[in-house]
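Colleague: Quick one: the structure is below, questions incoming.
The values are calculated or read from the model by the stated rules, or taken from the named source; none is laboratory data. Computed from a predicted model, the values in this text were never measured in an experiment. Here Cβ is always computed from backbone atoms with ideal geometry, including for glycine, and neighbour counts include all displayed protein chains.
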Ligand code: FAD
């Protein structure tokens, strides 16, 4: 799908000459987005604290062998949580040059052996984690990161003050609202400040090196309320002028509605109807969030639902690992021939395409939307994506970040709620089908500058009109709301706009990034089984030129 949207019509209002504000800013999460945000905010002169629930930086890139074993579908909001969705054999689906941050090369020869052990262009998750650790060290970000610290709630300071009788004391008394004069408004709006409540899990420390093989840390909560493993949690309330949310969006499973998947109905956390996780289907069911490796399904018949990145990858892993048959089921819009081509394919020659599964039966079989019924099936793996979730936002902050059909907000530029909470509350990393790391940097740069006052927000009405133009463009393409943050090719225009809004000193991303992204997509389409092993420079002179430009950059 190509999503053509009017991203924003905001005029640029860099403030020149005036003194910049330095604010106390909290970043929630120390994954790639949180690290990028911390660096940009600090460069702009803000006082930055990053709160990270695990003992590590790197977020999803830290492979965690554990699963949410008691609830492999991730239905119950009360389950114990594992953050990472990485699987053991995962290799990146983008070349490392393209994944790299703007000004920090992802080059194993430059990273050094303490960070790098896999020089492949499409490398393992371990290598990406090494890269993020190198980034944190090179820019001296670790002292900003308070690990073992889970954010429980974020609320506006005035709301927190109203509820103080029940909430306990705030460590640092809220300062009076800071006046932010909007460039294009006649009135002024306020940056109110936020009270952030966090709990300490174990001993907080400034992370030294998170790449080690130490056992995975239990980030588990039940219903986000308490730690399963840690000693009695210390609860802390702190005041910050601004909050940048970087909590990731690949941890909360999204599930389709498949008849027979569950037993009697009731409201489930994933938007599914469920009263308990025991459906009529007798086989195992899990979401790809809990998939770690293929070997447990050797000799079995597995139905994979969803053919996006994870679905395609996991299907091929299963095929290569000796699974008897892999049935890959997906919406037919993806490809007109989807599900009608019955020839098996894949590394084990045993992948069969089906249209969407419509029903699972008590005898272990499945019916598809074309009427075919297959079985018995031993297991179903749902590779159907993830939900945005901000369980810690309260009051007005929660209100502006409501998630409806997996669309957050609405938010201006996928980052800022129109109205008084912006730029005090912002989000980095919501767009999907993007090359994330450089985009995180550009988003963070703009947020840092809006907070300092170097760049001014447009008036609220204009932000709302920009958002409406975005939805209007989606409606014109008959795209449902859940595609609101999907960018695809549109990401490059969006990135250019972010750079432009930051001001003339911020250079747009170089041409080779869009070109390498395009060529990688073509290579993946033509050679889906082994595109990661293709020497990209040999596929065309364009590819060779893009790679040469990348290494010269
Ligand atoms: P995360 O990495 O999820 O970081 C969020 C952090 O926030 C975590 O450390 C978490 O512990 C912390 N956190 C969450 N809640 C709280 C709280 N309440 N309090 C404190 N801390 C909290 N991208 C690519 O560029 N190339 C790829 O090949 C690629 N493959 C992928 C494969 C898989 C299976 C998945 C799941 C993702 C893949 N991605 C890939 C996308 C990847 O998610 C992004 O690259 C990026 O790492 C996301 O970073 P993030 O910081 O937004 O989120």
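Colleague: For a quick check of your reading: which helices (runs of 4 or more DSSP H) sit entirely within the stretch 441-553 and have at least 2 residues that are in contact (Cβ under 8 Å) with a residue 60 or more places away in the chain and under 28 Å from residue 105 (Cβ atoms)?
Modeller: Those helices (runs of 4 or more DSSP H) span 490-502, 511-526, 541-552.
Colleague: Working only within the stretch 76-91, note down all residues that are in contact with a strand residue (DSSP E or B) (Cβ under 8 Å, 6 or more places away or on another chain) and either farther than 25 Å from residue 121 by Cα or surrounded by 19 or more Cβ atoms within 10 Å (Cβ to Cβ) (or both).
Modeller: 78, 79, 80, 81, 85, 90
Colleague: Separate question: One residue is enough: does the stretch 462-481 have a residue meeting the conditions within 16 Å of the ligand (Cβ to nearest atom) and more than 18 Å from residue 390 (Cα to Cα)?
Modeller: no
Colleague: Still on this structure, please answer the following. For the stretch 122-138, does any single residue satisfy the condition of being under 30 Å from residue 234 (Cα atoms), out of contact with any strand residue (DSSP E or B) (no Cβ under 9 Å at 6 or more places or on another chain) and either modelled with pLDDT under 95 or assigned to a loop (DSSP other than H, G, I, E, B) (or both)?
Modeller: No, the stretch 122-138 contains no residue that is under 30 Å from residue 234 (Cα atoms), out of contact with any strand residue (DSSP E or B) (no Cβ under 9 Å at 6 or more places or on another chain) and either modelled with pLDDT under 95 or assigned to a loop (DSSP other than H, G, I, E, B) (or both).
Colleague: Looking only at the stretch 229-243, decide whether some residue is more than 30 Å from residue 161 (Cα to Cα), out of contact with any helix residue (DSSP H, G or I) (no Cβ under 6 Å at 6 or more places or on another chain) and modelled with pLDDT of 95 or more.
Modeller: Looking through the stretch 229-243, none of the residues is more than 30 Å from residue 161 (Cα to Cα), out of contact with any helix residue (DSSP H, G or I) (no Cβ under 6 Å at 6 or more places or on another chain) and modelled with pLDDT of 95 or more.
Colleague: Would you pick out the residues in the stretch 308-327 that are assigned to a loop (DSSP other than H, G, I, E, B) and out of contact with any strand residue (DSSP E or B) (no Cβ under 6 Å at 6 or more places or on another chain)?
Modeller: Of everything in the stretch 308-327, those that are assigned to a loop (DSSP other than H, G, I, E, B) and out of contact with any strand residue (DSSP E or B) (no Cβ under 6 Å at 6 or more places or on another chain) turn out to be 308, 321, 322.
Colleague: What number of residues within the stretch 409-429 are surrounded by fewer than 22 Cβ atoms within 10 Å (Cβ to Cβ) and either within 16 Å of the ligand (Cβ to nearest atom) or part of a helix (DSSP H, G or I) (or both)?
Modeller: Of the residues in that region, 0 qualify.
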